[in-house]
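Let me begin by presenting the structure, written as structure tokens, before commenting on it.
The values are calculated or read from the model by the stated rules, or taken from the named source; none is laboratory data. In this text, all values refer to a predicted model and were calculated from it rather than measured experimentally. Glycine also receives a Cβ, built like all others from the backbone with ideal geometry; neighbour counts cover every protein chain displayed.
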Amino acid sequence: MKNAMRSKWQCIQKTGFGWGFIGGGLLMGFLALSLSQAHAHDFKQGDLVIDHPYATPSLAGTRNGSVYFKGLRNRGGQADRLIAAKGAVAERVELHQMQMDGQVMRMREVPAIELPARTEVNMRHGGAGTHHLMLQGLKQPLKDGDRFDLELVFEKAGTRRVNVWVQTPRSGNASPTHQH
């Protein structure tokens, strides 16, 4: 048995599969794991999962912006509500919902965004019935690649700070056409 192990070790050394290769493999695995966790970009607050908060670049000459989420999920057995948001990036942050008014998409401020138990609320850009956060009175324009913090205030789960990434939506349309 000892000779068999010694023979295997000698084979490993001859083929370059020594400690350097093993250590390098472990280091690469650790780096890959670290990068995947940094890229995940989701936040948890109790039973709530805030998945990939993102803002669209602001339009030239405007002082408003929008924040969306890839997903806002309540995994718990009790309903909750998003009741406020705030951040240094803008003078105020409003909760909005998109609604069709005849043939025109309009957004309206709402007092809260309901988060029923065991559901996901649509917080992506575009489409009737979707929600978003409206940044009013931006301190500076939002540009692709920027990041900023927002605090989300939930009725039951409390307050959670999230990091928002500014990015152009895949459709290429930085801001869907809508009216107040």
message: Can you pull out every residue in segment 74-119 that is surrounded by 19 or more Cβ atoms within 10 Å (Cβ to Cβ) and either more than 17 Å from residue 136 (Cα to Cα) or without any contact (Cβ under 8 Å) to a residue 12 or more places away in the chain (or both)?
response: 74, 80, 82, 113, 115
message: Any residue that is farther than 18 Å from residue 41 by Cα and assigned by TED's automatic domain parsing to the domain that holds residue 49 - is there at least one of those in segment 157-168?
response: yes
message: Step by step: first the residues of segment 105-128, then only those that are of a type outside the set (Lys, Arg) and more than 23 Å from residue 156 (Cβ to Cβ), then the one that is farthest from the chain's Cα centre (by Cα). Which residue is that?
response: 105
task: Report yes if some residue within segment 30-45 is under 28 Å from residue 145 (Cβ atoms), surrounded by 10 or more Cβ atoms within 10 Å (Cβ to Cβ), among the small types (Gly, Ala, Ser) and at pLDDT 55 or above; otherwise report no.
output: no
query: So residue 62 clears everything in (1) out of contact with any Phe, Trp or Tyr (no Cβ under 8 Å at 6 or more places or on another chain); (2) surrounded by 18 or more Cβ atoms within 10 Å (Cβ to Cβ); (3) of a type outside the set (D, E, K, R) except one condition, right? Which one?
result: (2)
statement: Of the conditions (1) at positive phi; (2) exposed (fewer than 13 other Cβ atoms within 10 Å of the Cβ), the single one that residue 126 does not satisfy is (2)
